[in-house]
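Below: the structure, in structure tokens.
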Amino acid sequence: MKNLWLFAFLLTISCHGFATEVKYIIPPHEQGEIENQIYFEYAPMDILDNASGESMQTLLGTYHSYNQTIDGDVGIHYAAWLQEAKSKLTAAGYQILFYCDKDCEAWKYKEMTDKGFRKEVNQYAYCCSSSNKDIAYLTATKQQAEQTYAISLFANGKDDDLHIAYEQLVTRDEPTSHVSVDQGFKIEPLDFSSFEVPEPDEENTADHPLLSRFPGSYLVASSRSDFELYPLITGIMKDDKIPNKMVEGKVTTLNYRIDKQVGTYATHKNYLNALQAAGFTVITECPAKTCGNELLWHNYSDTVFKSRHHTNFQNLKSRSNYYFFTAEKSTPEGKIYLSMVSAQPFNTHPVELVVDIIEEKSISQANLNINSDSLSKAIAAQGKVALYGIEFDFDQHTIKPSSTQQLTEIANFLNEKPEVALYVVGHTDNRGSYEYNQDLAEKRATEVVNTLVSQFKIAASRLQPVGVGPVAPKAANDTDGSRQQNRRVELVLKAPLFL
């Protein structure tokens with residue numbers, strides 16, 4: 001290697017865990033700035049190995065590379081620089097396998113180098129070279145004794161600066177690392193039964209009889225609604241839409257913590273296998289990557305369950321460590337649905353298991369009608385009475401036939417008290433806009449008045465319809481039960497001033 005381009009350019013660097021003397025076949029230009037250097041004792045390198053660039057070969061050996069930027073003021077043209085490198089390599093006995101300095105196809109070079117450790121050095125050179133302009137590159141090899149010397153050289157003339165990505169590899173036999181393998185190693189069977197419970201259950205929490213708890217777990221919260229509407233997830237979120245179906249019945253929510261060593265997948269699989277063995281059918285199942293970002297957060301954000309789940313679903317994204325599934329089982333008494341997520345926010349934290357069990361059933365209808373005597377007593381005591389025996393079609397002001405009994409009791413009261421005049425006041429919950437609810441409440445109150453006048457022959461002058469919509473709730477609008485309390489008709493004494 002007497003040629004200038006082949007002298008050993010010595011430079012001590014530290015990269016990728018090694019401190020070594022770098023011997024570059026083509027050393028960096030003295031007027032350029034080195035952006036990056038990589039060295040490996042033993043690594044693979046692919047190079048284009050024919051003039052058409054249609055094939056490549058893989059060589060194994062000692063790898064060195066650098067990326068260098070030479071300011072445009074130095075006045076080195078990228079094509080001229082590569083031509084000079086080609087001439088000196090040829091003179092030194094190298095065979096030029098591939099060469100291009102005009103209208104080059106940058107994708108061939110990128111396809112070869114845009115992966116693994118090679119991307120780290122080459123990205124500086126071809127980051128701005130998606131087109132075929134201002135680029136040139138070559139590959140070359142030389143056989144010496146039993147070793148092959150290989151060079152991959154890329155030049156980019158973007159913005160008049162010269163960007164160089166240089167790689168070299170000298171083939172060698174694979175070095176011995178003295179790694180040993182214990183041939184007597186045996187896989188120990190998993191046994192979670194030995195885990196101890198690190199903390200006691202929170203007060204006023206309890207398991208559900210359907211499920212036994214995971215060994216070593218404890219309850220941090222539990223809740224139950226005897227009748228609630230539940231949004232059961234039935235598929236994966238797409239285009240910001242979550243496939244779900246509304247089921248209703250008794251809903252139990254359990255929040256467990258489980259030893260961090262168990263992990264989310266083992267928790268997920270243990271419960272999934274146990275439920276399937278018990279006759280449950282999986283509706284949907286997904287890991288974090290497939291579930292996507294905030295699937296659970298979006299599904300429960302406008303429901304009462306947002307406060308009952310003691311895991312921060314907003315932080316469960318596609319790169320989080322969690323698994324989720326829903327399942328169902330038909331029984332003679334009705335269907336049982338189950339939703340379960342096992343999550344681990346950090347690997348130093350315990351696994352958080354959140355379970356919702358929904359026992360599907362229809363709500364038992366209580367007798368909500370108030371008789372005429374009770375109407376009289378309530379109005380005498382409070383000046384008003386709230387009625388739930390008057391029912392309307394969903395989002396309509398049409399009175400259901402089931403309301404006849406309550407309307408009859410109102411008419412009886414008015415016939416018994418001919419001196420009484422009433423405001424008939426319509427109330428709604430707060431779902432939907434104020435204007436919509438106000439209009440609906442007034443239409444419902446008017447419909448009650450019209451029915452009493454037309455069917456029960458009550459004088460219209462004794463009844464005045466009023467709609468107040470959502471502005472006078474009896475309870476918070478946070479559950480279906482509370483919202484049901486707010487959807488009512490009230491009779492308010494208009495005349496005389498009191499009974």
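The values are calculated or read from the model by the stated rules, or taken from the named source; none is laboratory data. Predicted model, so just to flag it, every value in this text is computed and none were measured. As a convention, Cβ positions derive from the backbone with ideal geometry for all residues, glycine included, and neighbour counts pool all protein chains shown. What goes into the accessible areas is simple: the full protein's heavy atoms, side chains included, and nothing from ligands, DNA or RNA. Shrake-Rupley method; radii C 1.70, N 1.55, O 1.52, S 1.80 Å.
The table below gives the values:
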quantity	calculated
Anchor Lys142: lysines whose Cα lies under 23 Å away (excluding residues fewer than 8 positions away in-chain)	Lys2, Lys23, Lys86, Lys88, Lys108
Accessible area in square angstrom per residue, the chain, 1.4 angstrom probe	53 Å²
Considering only the chain, percent of DSSP beta bridges that pair antiparallel, nearest 5	95 percent
Where Arg444, Arg118, Arg319, Arg172 fall by accessible area, highest first, once all protein chains stay in place (1.4 Å)	Arg319, Arg172, Arg444, Arg118
Carbon plus sulfur fraction of accessible area for the range 128-187, probe 1.4 Å, in percent	44 percent
Set of lysines with alpha-carbon distance to Lys377 below 25 Å, sequence-local pairs under 8 removed	Lys417, Lys457, Lys474, Lys494
Within the accessible area of the range 311-392 (1.4 Å probe), percent carbon and sulfur	47 percent
Accessible area, probe 1.4 Å, largest first, for residues Thr290, Thr141	Thr290, Thr141
Computed accessible area, Asp161, all protein chains, 1.4 angstrom probe, square angstrom	50 Å²
The chain, helix-only ellipticity at 222 nm - DSSP H runs n ≥ 4, -39,500 (n - 2.57), divided by all residues, nearest 500	-7000 deg cm²/dmol
Cα radius of gyration and Dmax for the range 241-346 (Å)	13.9, 42
The range 382-499 - share of DSSP beta bridges that are antiparallel (%, nearest 5)	65 percent
Angle between the chain longest axis and helix 116-126 axis [Cα atoms, degrees, rounded to 10]	80 degrees
Exposure of Tyr24 as accessible area (Å², to 10), given a probe of 1.4 Å and all protein chains	0 Å²
Cβ-based charge dipole, the range 373-499, positive-most Cα from Gln485, Ser374, Gly389	Ser374
Principal-axis tilt of helix 434-456 within the chain, Cα atoms, nearest 10 degrees	30 degrees
Protein-only accessible surface order, largest first, of Ser461, Ser482 at 1.4 Å	Ser461, Ser482
